């Protein structure tokens with residue numbers, strides 16, 4: 001059964017960090033330093049991964065693991 005609280009590619013970066021603050025360090029470590037950027041509040045994880053050149057599935061896996069801690 002899928003965890004209803006799991007992070008998905010459609011979630012906005014700002015919403016992920018707000019709901020799961022433990023993901024912030026991972027996002028910063030990966031190079032997501034755009035939290036002050038005007039586009040950041042509306043950027044989905046999928047869009048951010050594409051812009052930053054990250055493997056979306058791997059990023060989702062890592063973020064969801066971080067929510068388990």
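Read-outs: derived from the displayed coordinates by stated rules, not from any lab. Computed from a predicted structure; not experimentally measured.
A few notes on this one:
- Helix-derived mean residue ellipticity, 222 nm - over the chain, DSSP H n ≥ 4, -39500 (n - 2.57), to 500: -13500 deg cm²/dmol
- Relative contact order, percent, segment 13-67 [alpha-carbon distance under 8 Å, six or more residues apart]: 43
- Rounded to the nearest 10 degrees, the inclination of helix 56-67 to the longest alpha-carbon principal axis of the chain is 60 degrees.
- Evaluated at q = 0.15, 0.16 Å⁻¹, the base-10 log of the normalised Debye intensity for the chain, with identical point scatterers placed on the Cα atoms, takes the values -0.41, -0.47.
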